[in-house]
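Report on one structure; see the data block that follows.
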Amino acid sequence: MPRRNAALRGVLYMLGSALAFSVMSVMVKLAGQRLPSQEIVLARAVVSLVLSYGLLRAAGIPIWGVQRGLLLLRGLSGFLGLSCVFYSLTHLPLADATVIQYLHPTFTAFFAAIFLGEALRSSILFASFLSLLGVVLVAKPSVLLGGDVGSLPPLALMAAVGGAFFSGCSYVIVRKLSAREHPLVIVLYFPLVSVPLTIPTIGSNFVMPQGWEWILLVGVGCATQAGQVWLTRGLQTLPAARATAISYSQVVFATLWGILFFAEIPDLWTGVGAALIVGGTLAVSLRRS
């Protein structure tokens, strides 16, 4: 019975994490209707910096860590990844941007093979091919599918893939760091690097938030923090393969929010492409687990 209760808590943690991240995506898309995406990145980083620093101080943990060069690299990859993800969320349908982001296990597998010496099996290569084919179908390039197909904006599509790419980089760096660094220190370096790097990217494009936009900006940071905490607890409770499978519920949530809030109805190509991406990356995750 205790084991069953622990498993149930793990499932609830993973579902809560997926829900929190999907809510974050909705708030990013709503705020991005008027605010530049880099302002949202800055707001997210500031909230994370305050929360992470407070948790470290409360726990009495030294904040600077030991492997500072690698920690800074983790912060840089996190900044680039989040910038790409938030740009894609503000310029693509919610479900499309979310499902493309789930390419990150494929990139993680390749980077882990290169930098951590992990085996890269033929089954992972085939699953990765399916995932990339899925991206092509989600993108709906008119050159392949006909001129009457609504293709996605190329720059936003590249940003979505870039978000998955840099997420893969971040996961491998975090795995390398986790042997010697406290998790809160690793988390802190994301906003510590992101805040000074984001400010110059806003420049003359700064738009002062108004009214409910302030609530959205704070909500983005809080929802992400909650998602990260529940994700960590879920991964501590469940086997990695099962936890990974449950995390794909975020795609379902994103599709529902897209329909309810933005009248984004996925077409057949998006559905088939999403199935290939989810199936391929899930196969990569299960195989590596």
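Results for (1) on the phi > 0 side of the Ramachandran plot; (2) assigned to a helix (DSSP H, G or I), shown as yes or no for each residue.
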residue: ARG175; (1), (2): no, yes
residue: VAL193; (1), (2): no, yes
residue: PRO196; (1), (2): no, yes
residue: ILE199; (1), (2): no, yes
residue: GLY203; (1), (2): yes, yes
residue: VAL207; (1), (2): no, no
residue: LEU216; (1), (2): no, yes
residue: ARG233; (1), (2): no, yes
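The residues listed here are GLN67, GLN33, GLN38; of these, the one that is without any contact (Cβ under 8 Å) to a residue 60 or more places away in the chain and among the polar types (S, T, N, Q) is GLN33.
Just name the residue that is farthest from GLY81 (Cα to Cα) out of those in the range 35-63 that are out of contact with any Gly (no Cβ under 7 Å at 6 or more places or on another chain) and of a type in the set (Ser, Thr, Tyr). Residue satisfying both the conditions and the ranking: TYR53. On inspection, ALA243 qualifies as at pLDDT below 85 and closer than 26 Å to ALA7 by Cα. Is at least one residue of the range 50-69 crowded, with 22+ Cβ neighbours inside 10 Å and modelled with pLDDT of 90 or more? No.
Results for (1) under 14 Å from the mean Cα position of the chain (by Cα); (2) not acidic (Asp, Glu); (3) not in a loop (DSSP other than H, G, I, E, B), shown as yes or no for each residue.
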residue	(1), (2), (3)
ILE63	no, yes, no
GLY69	no, yes, yes
PHE79	yes, yes, yes
ASP96	yes, no, yes
PHE107	yes, yes, yes
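Taken together, the residues in the range 49-61 that are within 20 Å of the chain's Cα centre (by Cα) and either over 26 Å from PHE115 (Cβ atoms) or without any contact (Cβ under 8 Å) to a residue 24 or more places away in the chain (or both) amount to 2.
Does any residue of the range 131-142 turn out to be farther than 25 Å from GLY279 by Cβ, at pLDDT 75 or above and surrounded by fewer than 22 Cβ atoms within 10 Å (Cβ to Cβ)? The answer is no, given that none of the residues of the range 131-142 is farther than 25 Å from GLY279 by Cβ, at pLDDT 75 or above and surrounded by fewer than 22 Cβ atoms within 10 Å (Cβ to Cβ). All conditions in (1) in a helix (DSSP H, G or I); (2) over 21 Å from GLY234 (Cβ atoms) hold for GLN33, with the sole exception of (1). Out of PHE126, PHE111, PHE115, one residue alone is more than 16 Å from the chain's Cα centre (by Cα), of a type outside the set (D, E, K, R), within 19 Å of ALA274 (Cβ to Cβ) and surrounded by fewer than 24 Cβ atoms within 10 Å (Cβ to Cβ). It is PHE126. Say whether the condition of being exposed (fewer than 14 other Cβ atoms within 10 Å of the Cβ), modelled with pLDDT of 90 or more and of a type in the set (S, T, N, Q) is met by at least one residue in the range 32-42. Yes.
The values are calculated or read from the model by the stated rules, or taken from the named source; none is laboratory data. Bear in mind the structure is a predicted one, so any value in this text is a computation, not a measurement. Every residue, glycine as well, gets a Cβ built from its backbone with ideal geometry; the counts of neighbours run over all protein chains shown.
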